[in-house]
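One structure is given below, encoded as structure tokens.
The values are calculated or read from the model by the stated rules, or taken from the named source; none is laboratory data. None of the values given here were measured: they were computed from a predicted structure. As a convention, Cβ positions derive from the backbone with ideal geometry for all residues, glycine included, and neighbour counts pool all protein chains shown. Note: accessible area is taken over every heavy atom of the protein model, side chains too, but ligands, DNA and RNA are not part of it. Shrake-Rupley method; radii C 1.70, N 1.55, O 1.52, S 1.80 Å.
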Amino acid sequence: MMQSGGSMRVPWNDGLFIIAEAGVNHNGEISLAKELIDAAREAKADAVKFQTWKPGELTGKFAFKVNYLEQTTDSAETRYELSNRLALPFSVFEELKAYADTRGITFLSTPDGFESLDFLTNELAMPIIKIGSSEITHVQFLEAVGAKGRPTILSTGLSTLVEVEQAVAAVRKGGCVPLALLQCTSEYPAPDDEMNVRAMTTLAATFRLSSGLSDHSRGMEAAIAAVALGARIVEKHFTVDKSLQGPDHQASLDPDMLTAFVAALRNTEVVLGDGIKRPTASELRNMDG
């Protein structure tokens, strides 16, 4: 997204950027997807994010289900069938983007293939590209992402520091774009003792890039800790109803929880202050008294 004067707006440079991750919690239904947009807007998140792919682009016919999918979906449904059922046509994303615009919230969606990447950036003019952890070793795809020339957020679940270095280099080879890295534990829900939020600061220091957290844990402690450690971006899954059938609903926040989550992170920013040690306004009044 270009502002007047040709400068590129990087939203996480202006303050904490909170992404409400709708993912596939629309269950393939447009009306439910719009409810998710409404819930994200009501919670005062900065952006609502979905996932975009064409059938066959994300998952091959012989792909297996990871453990959490085995536990949260019908055992008779294959990974390929699940992906096809949850894939929304490109035309639906056009409708959802337009709806998000009317609601005043930034629309994002993770592309899971080259066609989806082209559609989201060229047709929908999506202002920020968010890349999931599963693509971190897909060098050609990351180069194509960099070539789009817009702010990019890369999750780093499942990876080593060397693999992150290679991924950063691939994006940079495609084009020198504003890049941020998210610490992520790719499990749903992620165990608290595997969150390793401090790895976020390792990413920031190693690559001298903005960093944040893609939070798959059940609570909000990890995200609050991340903000306290300097996170510029936090992403969290949510749903309109945790009891719905689907792979991610149970591990997601409901609308009330999302509202509380966003408020807690905003207030964490406030209480951190500017770090300058001096008497505050209320303390000065006490001194005068």
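Let a ≥ b ≥ c be the square roots of the eigenvalues of the Cα gyration tensor of the chain; is it rounded (a/c under 1.5), or, if not, prolate (a/b larger than b/c) or oblate? Prolate, because a/c is 1.5 or more and a/b exceeds b/c.
Relative contact order of segment 228-289: 24 percent, from C-alpha pairs under 8 Å at least 6 residues apart in sequence.
In order along segment 198-211, phi translates into HN-Hα couplings of 4, 4, 4, 6, 5, 4, 4, 6, 5, 10, 6, 10, 4, 9 Hz, rounded to whole numbers, per the Karplus curve 6.51 cos²θ - 1.76 cosθ + 1.60 with θ = phi - 60° and x for Gly and Pro.
Take every pair of alpha-carbon atoms less than 8 Å apart whose residues are at least six positions apart; their mean separation over the length of the chain yields a relative contact order of 19 percent.
Using the Karplus relation 6.51 cos²θ - 1.76 cosθ + 1.60 with θ = phi - 60°, the per-residue 3J(HN,Hα) values for segment 8-13 come to 9, 7, 10, x, 6, 7 Hz, with x marking Gly and Pro. Here r is the Cβ-Cβ distance between Leu158 and Glu221 and R0 is 25 Å; the resulting FRET efficiency, rounded to 0.05, is 0.65.
For Ile129, the residues 5 or more places off, or on other chains, whose built amide H falls under 5 Å of its own are Thr152, Ile153. Less than 5 angstrom separates the built amide H of Leu158 from those of Ser186, all sequence-distant by 5 or more or on a different chain.
Take segment 133-289 with all the other protein chains still there, run a 1.4 Å probe, and you get 49 Å² of accessible area per residue.
Nonpolar atom fraction for segment 156-289, defined as the carbon and sulfur part of the 1.4 Å probe accessible area, stands at 53 percent.
Heavy-atom accessible area with a 1.4 Å probe sorts Arg285, Arg198, Arg208, largest first, into Arg208, Arg198, Arg285.
3J(HN,Hα) along segment 255-269, derived from phi through the Karplus expression 6.51 cos²θ - 1.76 cosθ + 1.60 where θ = phi - 60°, amounts to x, 5, 5, 5, 4, 5, 4, 4, 4, 5, 5, 4, 6, 4, 4 Hz, with x in place of Gly and Pro. For the pair Lys34 and Phe114, the difference between a 0.36 nm per residue extended length and the Cα-Cα distance amounts to 26.2 nm.
For the chain, the 222 nm mean residue ellipticity estimated from helices alone, with every DSSP H stretch of n ≥ 4 adding -39500 (n - 2.57) and the total spread over all residues, rounds to -11500 deg cm²/dmol. Note on Leu284 and Gln140: their simple-model spin labels are 6.3 nm apart, each label 7 Å out from Cα toward Cβ. Charges were assigned to the Cβ only: +1 to each Lys and Arg, -1 to each Asp and Glu. The resulting dipole of the chain about its Cα centre is roughly 860 debye. In summary, the lysines within cross-link reach of Lys44, defined as a Cα separation below 27 angstrom excluding same-chain residues under 8 places away, comprise Lys34, Lys97, Lys130, Lys236, Lys242. Say we join alpha carbon atoms closer than 10 Å with springs in a Gaussian network model of the chain; which of Thr152, Thr52, Thr239 then has the biggest fluctuation? Greatest mean-square fluctuation among the candidates belongs to Thr152.
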